[in-house]
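Report on the following structure.
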Amino acid sequence: MDDTKALAALAALSQATRLQCFRLLVGAEPAGVPAGELARLLGVPQNTLSTHLSIMSNAGLVRGERQSRSIIYRVDLPQFRELVLFLLKDCCGGRADFCASLIADLAPCCPPEAPAHG
């Protein structure tokens, strides 16, 4: 990810409704959330939400998929991963020991899958 893409993503998240929407979508992975349901959950008019979703989509953070009469929105996980890695790439000047506590704090949210025993 380059600086321009990172700045676009961060700018898109720098508004309260968009940040709340993004966090809601992250929590709804992998199913996603229909646009109308997002508007209801966030307490915003659908046309306002549409503008917010467009900004986040243009920044590469979310994507919409038409299913029948609804559009289901999901986080673009590869882009989200790129943004997080972009932010952490030079963490603590490349000193892994300084970043250990940050990485440990992230681990509880995303534990690795246990190997399957057969």
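Bear in mind these aren't lab numbers, they're just calculated from the coordinates by the rules spelled out. Quick caveat: nothing in here was measured; it's all calculated off a predicted structure. Heads up, the Cβs are rebuilt from the backbone with ideal geometry, glycines too, and the neighbour counts pull from every protein chain shown.
One table, with the values for the structure above:
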quantity: Helix 77-88 axis, angle to the chain major axis (alpha carbon atoms, nearest 10°); calculated: 40 degrees
quantity: Coil-residue trypsin sites (Lys or Arg not before Pro) of segment 1-100, DSSP, other Cβ within 10 Å capped at 13; calculated: R69, K89, R95
quantity: Value of relative contact order over segment 1-110, rounded to a whole percent, pairs C-alpha under 8 Å and six or more apart; calculated: 27 percent
quantity: Radius, Kirkwood style, for the chain when every pair of distinct Cα atoms is counted (Å); calculated: 15.9 Å
